[in-house]
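Asker: Next up is a structure, given as structure tokens.
The values are calculated or read from the model by the stated rules, or taken from the named source; none is laboratory data. Model, not experiment: these values are computed from the prediction. Virtual Cβ from ideal backbone geometry, glycine too; neighbours counted across all protein chains shown. Ligands, DNA and RNA are excluded from the accessible area calculation, which covers all protein heavy atoms including side chains. Shrake-Rupley method; radii C 1.70, N 1.55, O 1.52, S 1.80 Å.
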Amino acid sequence: MLDILQYLPVKRKSSPSGWISFNAVCCSHNGHNVDRRQRGGIKIQDSNWSYHCFNCGYTASFQLGRSVSYKARRLLSWLGVNDQDIEALTIESLRHRNIHGILDDRRRVAETLQGIDFEERDLPPAAELITPEHGKFWQYARERCVPLDFPLMTQIRTDSQRWVRSSVIVPFTYDNKLVGWTARFIDGKQPKFISDSQPGYVFGIDQQHNNWQHVLVMEGIFDALCIGGLAVMHNDISDAQARLIRNLGREITVVPDQDQAGLNLVDRAIELGWAVSIPAWEDCKDVNDAVKKYGRLGTLLTIMQSRETSRIKIELRKKQIVKKIS
Ligand SMILES: [Zn+2]
């Protein structure tokens, strides 16, 4: 099996979250200046890898069991892998095609047929990965229980950019392609968020594992991040979002925020025929609060235990919560 690590530039550094950064090899091929600030990043897990360039925005990924994409081929050739070795990788990968890979491919075909696709977008200027050296940003990510392997970013202020506010940037990916982002400001001022998001986008699809049978749907991005769920980013679910979620082929459970606005999501879930879970947490408004208090596993257990599929039971549970919070 091709070991991509051997082809990376010698000058490189590793972050605690598992990203290896080095001078990107893509930019000059895409009409950008050559990278000298180590803005190319790769994350390798077993035989799988995913590459992001924070200079020209090029992305590519490889998954064992899938054919080698055009973008991955280009990247490999820029890294100096010869054509025969790329061919050998394709054959080796297809030898590992399993049922999950086949189902996943089928989902992709279905999405293409239904016109579900998102265009590539750029990150805000001067965005870079958050590492422990970033102090308060790193701290914020840990407080919100964001998994260490998620590529959270921040925008680094330069002299010409004095307007840049302190923010934690969450890249939106779809099929390992950058399709938007949101910046969560941590300076206490309004607005709390600015985003570049496309209609119908659901955050967290790329974080779903192939073999998971369930998927949790909630409103907030940090809620989704800390528990491995999906975020619809409003207290409603659009038809396009519903299609995307349904296409995953999982048991769907909506976990609303436990406040007046959040409960709108319950009505929509009933309409869609999806299960709802409103666990009896103490002093927790949402999943993120619960994960801070009970841990990820504890929270997951309470969510699964409180999962209701019957419309009547869901309505009852909603009434109890309305009483509690009013
Ligand atoms: Zn590049």
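Asker: Which one is surrounded by the most Cβ atoms within 10 Å (Cβ to Cβ) among residues in the range 75-103 that are outside any helix (DSSP H, G or I) and polar (S, T, N, Q)? Even if it seems obvious, please write down each step before you answer.
Answerer: Residues of the range 75-103 outside any helix (DSSP H, G or I): 79-82, 96-98.
Next, only the ones that are polar (S, T, N, Q) stay: 82, 98.
Working: N82: 10, N98: 12.
Only one residue tops the list, namely N98.
Asker: Kindly indicate which of A224, A240 is within 22 Å of Q260 (Cα to Cα), outside any strand (DSSP E or B) and at pLDDT 90 or above.
Answerer: Unique residue meeting the criteria: A224.
Asker: When both residues are 6+ apart or on different chains and their Cβ atoms are under 7 Å apart, which pairs have a first residue that lies in the range 233-254 and is within 16 Å of D223 (Cα to Cα) and open to solvent by 20 Å² or more (accessible area, probe 1.4 Å), and a second that is at pLDDT 90 or above and among the basic types (K, R)?
Answerer: That search, which allows pairs on different chains as well, returns D236/R268.
Asker: Return yes or no: is L265 outside any loop (DSSP other than H, G, I, E, B) and in contact with an Asp or Glu (Cβ under 9 Å, 6 or more places away or on another chain)?
Answerer: In short, yes.
Asker: Within the range 1-29, how many residues turn out to be surrounded by 15 or more Cβ atoms within 10 Å (Cβ to Cβ) and either aromatic (F, W, Y) or within 11 Å of the ligand (Cβ to nearest atom) (or both)?
Answerer: 8
Asker: A further question on this structure: Go through (1) surrounded by fewer than 18 Cβ atoms within 10 Å (Cβ to Cβ); (2) in contact with a Phe, Trp or Tyr (Cβ under 6 Å, 6 or more places away or on another chain) for A290 and report which single condition fails.
Answerer: (1)
Asker: Now for a different question. Return the pair list, or none, for Cβ contacts closer than 6 Å from residues in the range 298-326 that are touching a residue at least 12 places away in the same chain (Cβ under 8 Å) to residues that are of a type in the set (D, E, K, R) and open to solvent by 50 Å² or more (accessible area, probe 1.4 Å), at least 6 apart or on different chains.
Answerer: I314/E308
Asker: Moving on. Hey, V164 hits all of (1) modelled with pLDDT under 85; (2) open to solvent by 20 Å² or more (accessible area, probe 1.4 Å) but one; which does it fall short on?
Answerer: Among (1) modelled with pLDDT under 85; (2) open to solvent by 20 Å² or more (accessible area, probe 1.4 Å), the lone unmet condition for V164 is (2).
Asker: I'm told I270 meets every condition in (1) more than 20 Å from F118 (Cα to Cα); (2) assigned to a strand (DSSP E or B) except one. Can you identify the failing condition by its number?
Answerer: Among (1) more than 20 Å from F118 (Cα to Cα); (2) assigned to a strand (DSSP E or B), I270 violates only (2).
Asker: Ok, one more. Looking only at residues in the range 30-47 that are near the ligand (Cβ under 8 Å from one of its atoms) and either over 25 Å from the mean Cα position of the chain (by Cα) or over 28 Å from Q139 (Cα atoms) (or both), which one is least open to solvent (accessible area, probe 1.4 Å)?
Answerer: Here the answer is D35.
Asker: Now for a separate question. Identify, by number, the condition in (1) closer than 22 Å to D122 by Cα; (2) open to solvent by less than 60 Å² (accessible area, probe 1.4 Å); (3) away from the ligand (no atom under 11 Å from the Cβ) that Y70 doesn't meet.
Answerer: (2)
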